[in-house]
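One structure is given here, and the rest of the page talks about it.
The values are calculated or read from the model by the stated rules, or taken from the named source; none is laboratory data. If you're wondering where the values come from, they're calculated on a predicted model, not measured in any experiment. Cβ atoms come from the backbone with ideal geometry, glycine included; neighbour counts cover every protein chain shown.
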Amino acid sequence: MKACVMLSLLLLSGLPHCACCQEWDAIRQQQANRNLHKIYIDGKKTGRAFEGFGSLSAGASSRLLYDYPEPYRSDILDYLFKPGFGANIHHLKVEIGGDINSTDGSEPSIAATREEFEHAQPGYFRRGYEFWLMAEAKKRNPAVILEGLQWGAPGWIGNGSIYSQDNADFVCAWIKGAATYWGLTIQYLGGWNERNYDIPYFKLLRQTLDRHGLQHVRIDAGDLWRFHEKWMIADDLLRDSALMQAVGVINSHTTEEMNYYVTEQVKQTGKPVWAGESHFYGGDWYAAASWARAYRSYITGGITKVINWSLVNAYHDWMVVPRSGLMKANTPWSGHYEVQPSIWALAHINQFAAPGWKYLNTGCKWWASEGSLQEGLSMITLKSPDTDDYSIIIETMDAREPQVLQVKLSTDLSSKDLILFRSQFNKEEFIRDTNIRVQDRQFTITVFPNAIYSLTTSGTPSKGKAAHPIPAPSPVPADYENDFEEQELHTPARYFSDQHGSFEVVQRPDGKGKCLQQIALTSGICWRCDWKHPQTVAPMIDASNYRFSASLLLPDTGTVVLWGRTNRYASYSKTPFTGYGLRFHANGNWELILESGKELASGPIKKFAGKWHQAELLFRDDMIGISIDGKKVSTIKDATYTKGAPALGTGWNKAFFDDIRISAYK
């Protein structure tokens, strides 16, 4: 304290510097040097090719986007895919549906039975929303890269084995169907998400792809997430030349947990290396900061592509992971959506370079303060393959102080002034700033903590804004009706989310319009789930007192169920949901059960199978009323569950639903 006072007095007096002053100057100079970074970027020293930052639609994460009304649905898609507008996503990876719960629901397959596979129809390739989503992405950006990956498979495949010839033929049919019915070229194909891979299967898959004329499809292998397994695929590639030939790309999940480091064996393979599924959760600037840190992935691991789950948070908030997407769009009844900061973190790289640009190794650096890999800033430099244009992306998420970068350019790089966009943590997103002046092939930029800066001599990056105002949010409507006449065939029930099995709009068996059918006849090859039977759930999770009715048809065998007050959805649990079920059997017996199987009431119906019947559940406080074909058959009291959503369920059998009605009961 005394030294500081003395220093101040000396400075004020104008006297010559003493030893104390010289020491203080040295400290200040040391600080200045620490925050000054001189970089020479050599345009000839190119590294690997940039392959774009992308996102993943899987686990039913995009389900409710399909139900959004226009023009809001198109506006959302523009923010995700339209070049020079928002995230400008370069790579879209999607789930190959398997009729099984894969996180926040299940996605339909192109063949729920072997008969459907052997006698395929165009309508089977209209199921769900992943083909539609890829087509919308392609419409906006014809250069978008497309990939498919399985979480599970229909139960008829390979006697229950996903690593089988059956399954190899199944995924080839999915790829060919994408081309035939949607005009889509699938460029990459994974194995089995987060499950131990099978080396013989990868070889079999390569042979099968080639036999089907799909030589252009490259196999993306690895997909493991446990820390000690993340890069195990590289060891196997180096040991097995046939596997090395079969596999085109290797990836690992959640590589951000390792600061994007890879093993020496990964480097030795010479294969492109991807972060196959990162988790930048949150929907706020903390998620965007995680994206920004992912720019370092090439510096630390030679990783040339980062893919995040999920593309869009278009599933109910009460599902497994509440906020995983780049945007939030899970209230189609309101049209409301959120453009979240991660959109602009992606714009900072995807609008400034395209797949095929080359990393310039001398312009890719990570400066860590005080020797820590958790502090400091990073920059990457990417060069166009066709011109002398280049882009620089700088992130300072872990810097504590302003930093000065003095950059000198080689003569083969453009000398044009640099377009500059910046984002500041929790303050501003993707703002166009004054151009950076380049003089004598040099420029200087001062960057501040918790920010992103993107500079380029190429293109016209811009911050898009939807032409239509975003509607205000609104709660789930208390009343719901659906006779399916306004829905397209092979689509899911409006606002409902399949949790297991597969429910789709079909023609009624009696030819009197449309209805909803559960089509999966066997339990699928599961990924990580404990669901025992098919179910699709409405969005009214907080509803307490309501009527829920539907017309039901059980053709010949099995069960059909009206569920009420279902809640606590958790796909990785031995009790994935709770609630009351009104279950009907083909022989006419019915019972009201808890999800545990405990019976609360029961009774018979004559000639139930093969005929349409109307069933209703009424909930009012602790009273539960049951009506069948317009007749009240039972009233009981039970307070096990006080609120939750209506849902439809079946056994592993065909069942049909029509004229669904949900109304608040006061």
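Cβ separations smaller than 6 Å between residues 6+ apart or across chains give the following pairs from the stretch 622-639 residues that are within 15 Å of Phe548 (Cβ to Cβ) to residues that are in a strand (DSSP E or B) and among the charged types (D, E, K, R): Met623/Lys637; Ser627/Glu616.
In this entry, Ile436 is excluded by the filter for residues that are in contact with a Ser or Thr (Cβ under 7 Å, 6 or more places away or on another chain) and not assigned by TED's automatic domain parsing to the domain that holds Leu64.
Yes or no: the stretch 108-118 includes at least one residue that is in contact with a strand residue (DSSP E or B) (Cβ under 9 Å, 6 or more places away or on another chain), buried (at least 21 other Cβ atoms within 10 Å of the Cβ) and not in a loop (DSSP other than H, G, I, E, B). No - not one qualifying residue is present in the stretch 108-118.
Tallying residues that are surrounded by fewer than 18 Cβ atoms within 10 Å (Cβ to Cβ) and not aliphatic (A, V, I, L, M) within the stretch 170-193 yields 7.
Residue-by-condition table, conditions (1) touching an Asp or Glu at 6+ places or on another chain (Cβ under 7 Å); (2) on the phi > 0 side of the Ramachandran plot:
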{"site": "Gly588", "(1), (2)": "no, yes"}
{"site": "Ser602", "(1), (2)": "yes, no"}
{"site": "Ala609", "(1), (2)": "yes, no"}
{"site": "His613", "(1), (2)": "yes, no"}
{"site": "Ala647", "(1), (2)": "no, no"}
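Filtered by the rule that a residue be over 22 Å from Phe657 (Cα atoms) and touching a residue at least 60 places away in the same chain (Cβ under 8 Å), the stretch 529-544 gives Cys529, Asp542, Ser544. Apart from one condition, Trp274 fits all of (1) in contact with a strand residue (DSSP E or B) (Cβ under 9 Å, 6 or more places away or on another chain); (2) touching a residue at least 60 places away in the same chain (Cβ under 8 Å); (3) farther than 16 Å from Thr300 by Cα; (4) surrounded by 18 or more Cβ atoms within 10 Å (Cβ to Cβ); the exception is (3).
Asp440 meets each of the listed conditions (1) in contact with a helix residue (DSSP H, G or I) (Cβ under 8 Å, 6 or more places away or on another chain); (2) of a type outside the set (Lys, Arg); (3) without any contact (Cβ under 8 Å) to a residue 12 or more places away in the chain apart from (1). Within the stretch 287-332, the set of residues being of a type outside the set (A, V, I, L, M) and farther than 22 Å from Asn259 by Cα comprises Asn313, Tyr315, His316, Asp317, Trp318, Pro322, Arg323, Lys328, Asn330, Thr331, Pro332. Take the conditions (1) outside any loop (DSSP other than H, G, I, E, B); (2) surrounded by fewer than 18 Cβ atoms within 10 Å (Cβ to Cβ); (3) not basic (Lys, Arg); Phe430 misses just one of them, which is (2). The single condition among (1) β-branched (Val, Ile, Thr); (2) within 30 Å of Ser61 (Cα to Cα); (3) assigned to a loop (DSSP other than H, G, I, E, B) that Val506 does not satisfy is (3). Across the stretch 194-231, which residue is surrounded by the most Cβ atoms within 10 Å (Cβ to Cβ) among those that are farther than 23 Å from Trp527 by Cα and hydrophobic (A, V, I, L, M, F, W, C)? Per the criteria, the residue is Val217. One residue stands out in the stretch 549-587 among those that are at pLDDT 90 or above, out of contact with any Lys or Arg (no Cβ under 8 Å at 6 or more places or on another chain) and of a type in the set (Gly, Ala, Ser): the one that is nearest to Asn482 (Cα to Cα), namely Ser551. Selection of first residues in the stretch 83-96 that are assigned by TED's automatic domain parsing to the domain that holds Gln150 and surrounded by fewer than 23 Cβ atoms within 10 Å (Cβ to Cβ) and of second residues that are at pLDDT below 95 and not in a strand (DSSP E or B), restricted to Cβ pairs under 8 Å at least 6 apart or on distinct chains, gives the following pairs, ordered by first then second residue: Gly84/Gly459; Gly84/Thr460. Looking only at residues in the stretch 454-496 that are under 27 Å from Asp389 (Cα atoms) and touching a helix residue (DSSP H, G or I) at 6+ places or on another chain (Cβ under 8 Å), the one that is surrounded by the fewest Cβ atoms within 10 Å (Cβ to Cβ) is Lys463. Scanning the stretch 298-315 for residues that are buried (at least 23 other Cβ atoms within 10 Å of the Cβ) and not in a strand (DSSP E or B) returns Tyr298, Ile303, Ser310, Leu311, Ala314, Tyr315. Residues that are of a type in the set (Ser, Thr, Tyr), assigned to a loop (DSSP other than H, G, I, E, B), at pLDDT 95 or above and assigned by TED's automatic domain parsing to the domain that holds Thr640 do occur in the stretch 486-498, at least one of them.
To keep it simple, each residue is scored yes or no on (1) at pLDDT below 95; (2) polar (S, T, N, Q); (3) touching a helix residue (DSSP H, G or I) at 6+ places or on another chain (Cβ under 9 Å).
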{"site": "Gln614", "(1), (2), (3)": "no, yes, no"}
{"site": "Ile626", "(1), (2), (3)": "no, no, no"}
{"site": "Asp629", "(1), (2), (3)": "no, no, no"}
{"site": "Lys632", "(1), (2), (3)": "no, no, no"}
{"site": "Asp638", "(1), (2), (3)": "no, no, no"}
{"site": "Thr642", "(1), (2), (3)": "no, yes, no"}
{"site": "Ala647", "(1), (2), (3)": "no, no, no"}
{"site": "Tyr665", "(1), (2), (3)": "yes, no, no"}
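Checked against the criterion of being within 28 Å of Asn313 (Cβ to Cβ) and of a type in the set (Gly, Ala, Ser), the candidates Ser109, Ser161 yield just one match: Ser109.
Evaluated against (1) buried (at least 24 other Cβ atoms within 10 Å of the Cβ); (2) closer than 22 Å to Trp318 by Cα, Tyr66 falls short on exactly one condition, (1). For the stretch 303-349, filtering for residues that are touching a Ser or Thr at 6+ places or on another chain (Cβ under 9 Å) and free of Cβ contacts under 8 Å to residues at least 60 places away in the same chain leaves 1.
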